[in-house]
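Please read the structure below before turning to the comments.
A short reminder: the numbers here are calculations on the coordinates, not readings from a lab. Remember, predicted model here, so these are calculated numbers, not experimental data. Cβ coordinates were reconstructed from backbone atoms using ideal geometry, including for glycine residues, and neighbour counts include every protein chain displayed.
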Amino acid sequence: MKTGQIIAFLREFAPPVLAEDWDNTGLLIGRESSDISRILTCLTLTPDVATEAIESRVQLIVTHHPVLFRAVRQIVDSDSEGRMLLDLIESGIGVYSPHTSYDSARSGINQQLAAALGLQSIQPLRIPAEPVADATSDTEHAAIAGLGSGRFGDLAEDTSVADLLELTKAALQISNTQFVGDLTQRVNRVGIACGAAADFLRDAAEAGCQVLLTGEARFHACLEARTRDIALILPGHYATERPAIEQLAKILGERFPELQVFASQAETDPVRWT
């Protein structure tokens, strides 16, 4: 099997046209013509994950967060990222990133989060003005029709912010979460935006949400949420996205049973809780 076959599936599953215009998605290192038998998925490609990939003899890393995100003038071994990239290239390991196209895909991260909370009538929080303008194939047109960024949906019944916090912790299998708002406030419509996406507050308000779940938020975004009387649930960037990385490994493994596909075991949340 060739890397290009995996990329073709990833482009269909998470069409690049769904990615934000500031993003850097797609094949970032490697050749589509390379042979492949093992794939590693991860949230972020760090030196620890790169070492794991090399030792596991994978040929492709699918990382949610892109490497080479900003313009690069040199790749040298005098800095940690340069050493990591050189090690991967020398080991013949390709790197693909779906990033925000996976966030917004039909079965993507935000959809998975909304489903994990049991939301009903799930819809995008933000729909592009011209959602198919840049689609390059009928498949992409069909895949993104009516889709957009973030999600919102309704709970089966009204609940308190306190109970929704417990539901979130159970769904994400975490022990702690930050929040903004009144624990006794009753809520029935929930906005979802994985990662660091408090900029969806206005979209959540316009959709009638009483709460927005995102991974992390700046201080002033928390103040804005309080001013808008919208609760924020902040379980952490890692907590809102890592489960989808494990799910992506499962999806790839089921689609390509002849390959060995696994999520990184070396990856951990850099933020610690006490």
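Counting only Cβ charges, +1 for Lys and Arg and -1 for Asp and Glu, the dipole size of the chain around its Cα centre is about 120 debye.
As a proxy for reagent exposure, ranking 9, 219 by other Cβ atoms within 10 Å from fewest up yields 219, 9. Put simply, the convex hull of the Cα atoms in the chain casts, on average, a shadow of 15.4 nm². Ranking 214, 19, 197 by Cα position along the charge dipole of the chain, where only Lys, Arg, Asp and Glu carry charges on their C-beta atoms, puts 214 farthest toward the positive end. The range 43-118 and the range 152-188 have Cα centres spaced 31 Å apart. Dipole of the chain computed with +1 at Lys/Arg Cβ and -1 at Asp/Glu Cβ about the Cα centre; of 239, 78, 45, farthest Cα towards the positive end is 239. When you count the other C-beta atoms within 10 angstrom of each residue and take the mean per peptide, 17-23, 76-82 line up highest first as 17-23, 76-82. Each of 184, 63 was scored by other Cβ atoms within 10 Å of its Cβ. Listed from fewest to most, they are 184, 63.
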